Amino acid sequence: MNPTSSSPGAGLRPLWLVLLAAGGIFALTMGARQSMGLFLGHLNTHTGLGLASISLAFAFGQLWWGLTQPLAGIVADRWGAGRVLALGASLVALGTFLIPRMHSTSGLVLAIGVLAAGGAGMAGPSVLMAATTRLVAPAKRAMATGVVNAGGSFGQFIFAPLAQAITSASGWMVAIQSLAVITLLALPAAWVLRAPRAVADGAAATARPLSTGQATSQAWADPSFRWLAGGFFVCGFHVAFLATHLPGVVASCGLAPEVGAWALAMLGLFNIVGSVGIGLLMGWRGGRLQMKHLLSAIYAIRAVAVLLFVLAPKTTPVVLVFAAVMGVSFLSTVPPTAGLVVRFFGPSHMATLFGMVMVSHQVGGFLGAWLGGKVFEATGNFDLMWFADMALATAAALMHLPIRERRPAAPPVTAAI
């Protein structure tokens with residue numbers, strides 16, 4: 001046995017380097033992906049397919065982004081994250097570059113839904129959070145996951161105004177393909193996170209590890225894991241609807257396109273505040289913090305924010321303030337959700353199990369992106385989506401309360417003879 005394999009500091013990297021690499025990858029892939037809503041109108045004019053057909057491509061991308069994460073997680077848990085992240089970033093760049101060349105629904109599904117979204121899933125939060133968890137000390141994990149999660153929002157904050165500026169100067173096709181080239185900057189960062197699968201810390205390091213099948217069976221047998229996945233479904237619905245259709249909401253209110261770009265940027269900027277703040281809070285409170293109560297509060301804030309936005313006049317300040325409030329809660333659910341997965345099952349199968357929770361998130365994302373387009377085509381407004389948003393947020397706030405924050409008893413392991 002390698003004597004260093006189970007030592008507490010084995011495989012650790014400088015904290016700043018891990019955060020820069022993981023946060024940078026998430027910033028590049030999420031920033032490019034979450035800015036695509038700016039081009040919905042251009043794609044509709046360019047292809048003549050209709051908003052519902054184009055929304056289907058975006059919706060499939062939401063679903064595929066989630067489905068690829070547990071698969072990528074299985075590979076990363078076994079062979080390390082570096083190659084998975086590099087391949088994912090390359091696919092994001094390829095799919096994004098091809099978008100303007102597609103003129104059919106199937107072509108857009110391939111470029112947006114399969115290549116770009118699948119690559120972003122491979123270089124997404126399940127693999128990034130797991131890599132970060134293994135490469136930093138346990139006491140720093142909560143803060144680190146918050147910072148990495150904030151990286152995705154920082155990318156959105158930078159990419160949305162950048163994409164709008166390039167569109168104004170050179171056209172939307174040049175803007176999309178510029179984002180594709182910029183995404184390739186993630187490749188050097190993937191090399192930093194190339195560490196092999198680490199041995200779980202603590203007592204688990206001396207026990208025979210569970211197989212992937214045993215770990216997933218144990219997780220889905222636990223009611224708390226199922227409640228957690230159900231709540232994350234609601235998060236996906238919110239995030240995808242806003243990321244895809246907020247520029248359309250702004251346009252339907254008669255406001256300038258730049259307001260839509262800045263609304264997306266505000267979502268990203270204030271999610272940095274929310275993600276880092278949640279991560280610091282979790283690190284400060286340690287094991288004393290009830291993460292389920294934190295998640296319930298986040299979803300309750302979303303429900304109230306949507307209600308106030310529906311009732312308020314749709315002016316530029318109102319839209320930007322709404323985007324800021326939603327930004328604080330936008331992806332701040334990720335650190336406590338990831339924290340609960342680690343608290344339940346430890347880090348050994350983190351990428352796989354968190355990837356499975358992300359599948360639920362992205363099923364919600366599929367519905368949020370697709371139904372947004374269908375509802376607008378059928379009614380000429382997004383009112384039904386806002387009402388669904390409020391109802392789901394309220395349900396999610398209640399859904400987390402039955403969660404029991406303890407690690408389920410591991411199944412007995414038969415000793416080798």
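Coordinate-derived values only; no laboratory data. Only a predicted model underlies this, so the values are computations on that prediction, with no experimental measurement involved. Counting neighbours? That spans all protein chains shown, and the Cβs are built from the backbone with ideal geometry, glycine included.
The table for this structure:
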{"quantity": "Computed magnitude of the charge dipole of the chain (debye, nearest 20; Cβ of K, R +1, Cβ of D, E -1)", "calculated": "1080"}
{"quantity": "Computed label-point distance, nm, for sites Leu398 and Val181 using a 7 Å Cα→Cβ extension", "calculated": "5.3"}
{"quantity": "The chain: calculated mean residue ellipticity at 222 nm from DSSP helix runs of at least 4, using -39500 (n - 2.57)", "calculated": "-25000 deg cm²/dmol"}
{"quantity": "Prolate/oblate/rounded call for segment 90-135, Cα gyration tensor, a/c under 1.5 rounded", "calculated": "prolate"}
{"quantity": "Cα-based Kirkwood hydrodynamic radius, the chain, one decimal, Å", "calculated": "21.2"}
{"quantity": "Those lysines that a straight Cα-Cα span of less than 23 Å connects to Lys140, excepting residues fewer than 8 apart in one chain", "calculated": "Lys292"}
{"quantity": "Of Ala251, Ala169, Ala243, the one that fluctuates the most in a GNM where the chain has Cα springs shorter than 10 Å", "calculated": "Ala169"}
{"quantity": "Rounded if a/c under 1.5, otherwise prolate or oblate - segment 98-183, Cα gyration tensor axes", "calculated": "oblate"}
{"quantity": "With Cα atoms, 0 to 90° folded angle of helix 383-399 axis to the chain main axis", "calculated": "20"}
{"quantity": "Choice from Thr333, Thr167, Thr183 with maximal GNM fluctuation in the chain (Cα, 10 Å cutoff)", "calculated": "Thr167"}
{"quantity": "Most fluctuating residue given options Ile166, Ile176, Ile54, as computed from a GNM of the chain linking Cα atoms under 10 Å", "calculated": "Ile166"}
